[in-house]
Amino acid sequence: MSIITDLHGERPIVTDMDAPDLTILYGSQTGNAEYLAYQIHGASEKNGDTVALASLEEWLHSDDRALRRLLVVTSTHDNGHMPDNAAEFWEWIQSLEPGALAGMPYAVLSIGDSMYDDFCKAGHDIDGRLHELGAVRVVEGVDCDIDFEFTATKWAKPAVADLLAADPWTADAPTAGVEAGMAESTGDSDRRYLARVSASQNLSKPGSAKEVVHYELTVDDGGFAYEPGDSISVFVTNPPRLVEEWIAVFGDVDVTRQDATRPLREVLAAEVELRLVHPGLIAGLARLRPDNRAVARLAQMLQTGDRDGLEEWLWGRDVLDVLTDLDCRDVPAEDVLDILRPLQHRDYSIASSPVGDDGRVHLTVNGVRYDAGGRSYAGAATSFLRERAVDGSPFEVRRVPAHEFRLPAADVPVIMVGPGVGVAPFRAFLRHRDAVGAGGRNWLFFGDQHRAYDFLYEDEFADLSRRGTLTHLDLAFSRDQADKHYVQDEIRRSADELRDWVAQGGYIYVCGDKVHMAPDVDRAFADILGGDAAVDELKVQGRYVKDVY
């Protein structure tokens, strides 16, 4: 029997014949890696093998941590960091001596977004470290983009088969200790708190094409604390009107989920994603309706990597639209549920200061409501928060700590680029620096469509400017003139002074749209600072940080 002590020098990890044939551990921030791990787990158990499933954090804190073979499924969070529920596992394997896991069969499936610089970095880091510790990479890992289902499914079935065919980790595996003095962790990265909407205010003025709302949350549970730069997860339910549309199609019936019979209405309301369409839905429909030509055409896009074409077709549709437009509304409800992702929480940058806002958590939420094709659409969070603002009922939230998106020392200059609701964390930065009397200069670039309708927090920023907290406020309202004008244009216009701020140690922060705005802002800073290499060096120094989505 092989024993490896855990972070706290106790509760051994045992590798013996009582261990499951395969252990699947996941690190997940938004739920995608968790969903995929559950899918792989369900498929693996059908062959009669014993397969254990847990998050990396849960496994590390459990009393039953025997291992024979290991499959890690992990996403990458923020700018190349581990998901919160994988951070402790990463700390643990870094503490082990070389060879500590010699002979243990393993594989790693990584999920990421190729639009980020550190694509799948967390998975690469875990894979590399396990290999350094002597574990045997049975199959080369796979990197999955945001349309991960097809790639992951193709990889997972043979990978699991190869893992199960590999010789298990045996009693001959060497022992290893953990470096002394590691701080004990609470293991509460997934802890949820109860919150209520205590105030709300429309920020978009009449005439705006947008619906941006300022919410203030009071967290009922004690112990909730945050820092400027953090985000918060709101655990929503689906809009009641949308649930009723589904019931009209599939009937007010019962369904069997995880060996329990429950009302379909209940599952639709709180458990499955009905608004956000994912490419894996097409892969699932292709399995359920192999003779459907429309489904086959979209599945071909998925297989050939035509991500743009598939996303163009999916744009503006929700799941019920997809079923309708592909003539798949006759698929049994239970089969449809099996190919839907779990209902995702919605994450928002915190727009308040833990010091200056009486303990409340402020959010800046871009509402989603529109009519198309005879249907009315509303985002899950749009409906959810508006309802909670009216009835005051509690709901669950979770803190999402930032890693790099943190304020520097109080005297360091800060440059912030946050058009639209991307301004939320910078409102937090400014309010916090104002509350604590930080002396560092602050420069905010803000933009939107029209100054008259879309100038979020206009009065607040004017007051912060008068108080001297906001040194510069540069504005770009794209549709107030014939030629569109954006924040990147303002950056180029202020090139000389921005170079001075950076030369004096200034930090640059960018928040908002990752598809158009963030790349355009990257190019603008590269243009004024001396090229991509200069921006890359700032990133290495932690002085060019993005929170984009």
- Message: Any residue at all in region 118-139 that's under 19 Å from residue 45 (Cβ atoms) and not in a loop (DSSP other than H, G, I, E, B)?
- Response: no
- When both residues are 6+ apart or on different chains and their Cβ atoms are under 7 Å apart, which pairs have a first residue that lies in region 432-447 and is closer than 28 Å to residue 212 by Cα, and a second that is in a loop (DSSP other than H, G, I, E, B) and of a type in the set (Phe, Trp, Tyr)? 447/486
- Message: I'd like to check something: does region 453-464 contain any residue that is touching a strand residue (DSSP E or B) at 6+ places or on another chain (Cβ under 6 Å), surrounded by 15 or more Cβ atoms within 10 Å (Cβ to Cβ), in a helix (DSSP H, G or I) and touching a residue at least 60 places away in the same chain (Cβ under 8 Å)?
- Response: yes
- Message: Exactly one of these conditions fails for residue 482: (1) in contact with a Gly (Cβ under 8 Å, 6 or more places away or on another chain); (2) of a type in the set (A, V, I, L, M); (3) outside any helix (DSSP H, G or I). Give me its number.
- Response: (1)
- Message: Can you list the strands (runs of 3 or more DSSP E) lying wholly within region 1-69 that have 1 or more residues being surrounded by fewer than 20 Cβ atoms within 10 Å (Cβ to Cβ) and at pLDDT below 75?
- Response: 2-4, 13-15
- Task: Scan (1) crowded, with 17+ Cβ neighbours inside 10 Å; (2) not in a helix (DSSP H, G or I) for the single condition residue 428 breaks and write down its number.
- Result: (2)
- Item | Residue, farthest from residue 164 (Cα to Cα), within region 95-118, restricted to residues that are surrounded by fewer than 20 Cβ atoms within 10 Å (Cβ to Cβ) and in contact with a strand residue (DSSP E or B) (Cβ under 7 Å, 6 or more places away or on another chain) | 97
- Item | Selection within region 234-288 - part of a loop (DSSP other than H, G, I, E, B) and in contact with a Ser or Thr (Cβ under 6 Å, 6 or more places away or on another chain) | 239
- Note on the structure: Of the listed residues (484, 514), the one being within 24 Å of residue 230 (Cβ to Cβ) and basic (Lys, Arg) is 514
- Restricting the search to region 523-532, which residues are touching a residue at least 12 places away in the same chain (Cβ under 8 Å) and under 19 Å from residue 503 (Cβ atoms)? 524, 525, 527, 528, 529
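Do any helices (runs of 4 or more DSSP H) entirely within region 300-371 hold 3 or more residues that are among the β-branched types (Val, Ile, Thr) and at pLDDT 90 or above, and if so, which?
Fully inside region 300-371 and qualifying: 319-325.
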- Task: Go through region 403-418 and count every residue that is under 20 Å from the mean Cα position of the chain (by Cα) and buried (at least 22 other Cβ atoms within 10 Å of the Cβ).
- Result: 2
- Could we say that residue 501 is surrounded by fewer than 22 Cβ atoms within 10 Å (Cβ to Cβ), in contact with a Ser or Thr (Cβ under 8 Å, 6 or more places away or on another chain) and in contact (Cβ under 8 Å) with a residue 24 or more places away in the chain here? no
- Message: Take the conditions assigned to a helix (DSSP H, G or I), outside the structural domain of residue 32 (by TED's automatic domain parsing), touching a helix residue (DSSP H, G or I) at 6+ places or on another chain (Cβ under 7 Å) and more than 18 Å from residue 153 (Cα to Cα) and apply them to residue 297. Does it pass?
- Response: no
- Query: Do the conditions hold for residue 387, that is, is it free of Cβ contacts under 8 Å to residues at least 12 places away in the same chain and within 30 Å of residue 193 (Cβ to Cβ)?
  - Reply: yes
- Message: Looking at 475, 538, can you tell me which residue is over 14 Å from residue 418 (Cα atoms) and assigned by TED's automatic domain parsing to the domain that holds residue 443?
- Response: 538
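The values are calculated or read from the model by the stated rules, or taken from the named source; none is laboratory data. Please read all numbers here as calculations on a predicted model, not as lab measurements. In this analysis, Cβ positions are derived from the backbone assuming ideal geometry, glycine residues included, and neighbour counts consider all displayed protein chains.
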